[in-house]
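Taking it in order: structure first as structure tokens, then the write-up.
The values are calculated or read from the model by the stated rules, or taken from the named source; none is laboratory data. Given the structure is predicted, the values throughout are model-derived calculations rather than measurements. Here Cβ is always computed from backbone atoms with ideal geometry, including for glycine, and neighbour counts include all displayed protein chains.
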Amino acid sequence: MDRNDMDRRAYRHKRRIRNQIGCWLILVAAIAVLGFGAYFATDALGKKFSKDPAPAQETAVSDNTVSEDNASGEEGGVIYTPEPMEEIEDAVAEDEEPEEPEEDPAVMALLNGMSIEQKVDGLFLVSPEAITGVATATMAGDGTREAITRYAIAGMVYSSKNVVSGDQFMELVATTKDMYHETYNRDMLAMLDEESGYGALAGKTEDAETQPSAKELAETGNRDNVTESYKTIASYLKTYGIDADLAPQAAVLTADNSYLGNRIFSDDADIAASMTAAAVEGLNDGGVLCCLAAFPGEGGAATDPDNGAIKTEKSSEELSECEYKPFISGIEAGADMIMISNIVAPNAGSDEDSCTLSEEVVTNILRNELGFEGVIVSAPLDQAACTSSATPGAAALKAFIAGADLLYVRNSVAFNEARDAILGAVNDGTISEELIDTALKRIYTMEINR
């Protein structure tokens, strides 16, 4: 290697050393800048908080600040003793506790004036036959007055067999409601199942115009047609003194042989949901309370629950993707009530009971998961789909504990059994009066605000 090569190599070596030293200097400088920046930022924040403390903190700071002489024991120092942690935690817990909703004075006045027997009666929806004992009620006379005086029921559900003519039915409902008001100085709820293309009044009375079926309305593709149809229904229901409609069918057609047939809007869950909401809006606009039927949906049932047991093998997750949708849209549209079905859904939490007897379905799913805050109505407790596994008395007790507010029965034997079961459960402590009051508050609040 000649001298020139050695000089070049020495020069490159020195350059590398200078470069490395430069890099290290840059790195050290960067770290120094970051360190000083952090120091000054922290110092600035500290000065800000020391200059602008909350008023409650000023005393704490001055009380806790002592000189070195005071800290070492000289007189004149003030040492602040903080509150025990448990007291602070209790205060925080009290502050965070949600406020109790205000009680409606009118509702509380009703409850305060009722005996426990009347409160139990107030949980029941009945047919007129269930409390009078007659085979078919077409007029309200002494028997109706005696029954109303004896049983302070929440309301009556009429059916097509109670309708002979428009004038006759109007008088039946009006006279019954007048008798109830004279006895208790409050209104009785009068209900009917009247749907588009299906019902007790349509085509049988002069003021009840027959509407297209739910399926026909949905096939128009215009939800306004559904709203207008149910506004028309609400209008003639009010003419006959009916306060609430057990409709629409919030179902999705999932079986071609469904017993509900054209009473279901669609086999498409989203279309059924939209049309259900439109029906609720129509009833609301017409001033009639709405009760969606029947959760979690009977669109796949071939058998009418009046004739026998019905069942679905779907899980709650599967139902939520289809059958729950019309109920969710109906709730969002302002449905006042929802009736629970007597369908058995073992994979959705009902085990071998009907859904109306299942706390998992009624409270955990409908009330808590879907967020329904209105009145929950049991399926008919004397329906074949229910009595196949439980007596009306046992069913009434299980349905109420499951979360139903209103217990629906249609014959006198079932009503007496169900009423005795609830009264017995109150007397032996199985059901508290407070639990009954909670249900009655929902019912009376709904009625007063309608």
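The table that follows gives values for the structure above.
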quantity: Matching entry among Thr239, Thr254 (being β-branched (Val, Ile, Thr) and more than 30 Å from Thr303 (Cβ to Cβ)); calculated: Thr239
quantity: Candidate set: the stretch 272-307, residues that are of a type in the set (Val, Ile, Thr) and part of a helix (DSSP H, G or I); chosen: the one surrounded by the fewest Cβ atoms within 10 Å (Cβ to Cβ); calculated: Val280
quantity: Failed item in (1) farther than 27 Å from Asp437 by Cβ; (2) in a loop (DSSP other than H, G, I, E, B), with Leu319 passing the rest; calculated: (2)
quantity: In the stretch 319-349, the residues that are surrounded by fewer than 17 Cβ atoms within 10 Å (Cβ to Cβ) and over 20 Å from the mean Cα position of the chain (by Cα); calculated: Pro346, Asn347
quantity: Helices (runs of 4 or more DSSP H) within the stretch 111-185 that include 3 or more residues of a type in the set (D, E, K, R); calculated: 116-121, 142-150, 166-184
quantity: Failed criterion for Ile431 (all others in (1) under 26 Å from Ile310 (Cα atoms); (2) among the aliphatic types (A, V, I, L, M); (3) within 26 Å of the chain's Cα centre (by Cα) hold); calculated: (1)
quantity: Residues of the stretch 192-222 classified as surrounded by fewer than 16 Cβ atoms within 10 Å (Cβ to Cβ) and hydrophobic (A, V, I, L, M, F, W, C), total; calculated: 0
quantity: Enumeration of residues in the stretch 371-407 that are within 14 Å of the chain's Cα centre (by Cα) and of a type outside the set (A, V, I, L, M, F, W, C); calculated: Gly371, Glu373, Gly374, Gly403, Asp405
quantity: Flag if Tyr158 is at pLDDT 95 or above, aromatic (Phe, Trp, Tyr) and surrounded by fewer than 22 Cβ atoms within 10 Å (Cβ to Cβ); calculated: no
quantity: Residue check, Ile242 at pLDDT 95 or above, surrounded by 19 or more Cβ atoms within 10 Å (Cβ to Cβ) and part of a loop (DSSP other than H, G, I, E, B); calculated: yes
quantity: Matching residues, the stretch 345-372, being without any contact (Cβ under 8 Å) to a residue 24 or more places away in the chain and outside any loop (DSSP other than H, G, I, E, B); calculated: Glu360, Asn364, Asn368, Glu369
quantity: Residue within the stretch 324-336 that is touching a residue at least 60 places away in the same chain (Cβ under 8 Å), basic (Lys, Arg) and in contact with a helix residue (DSSP H, G or I) (Cβ under 9 Å, 6 or more places away or on another chain) present; calculated: yes
quantity: Boolean, Thr210 is farther than 20 Å from Thr175 by Cβ, assigned to a loop (DSSP other than H, G, I, E, B) and either free of Cβ contacts under 8 Å to residues at least 24 places away in the same chain or of a type in the set (Ser, Thr, Tyr) (or both); calculated: yes
quantity: Filter pass, Leu189 being surrounded by 14 or more Cβ atoms within 10 Å (Cβ to Cβ) and under 18 Å from Phe415 (Cβ atoms); calculated: yes
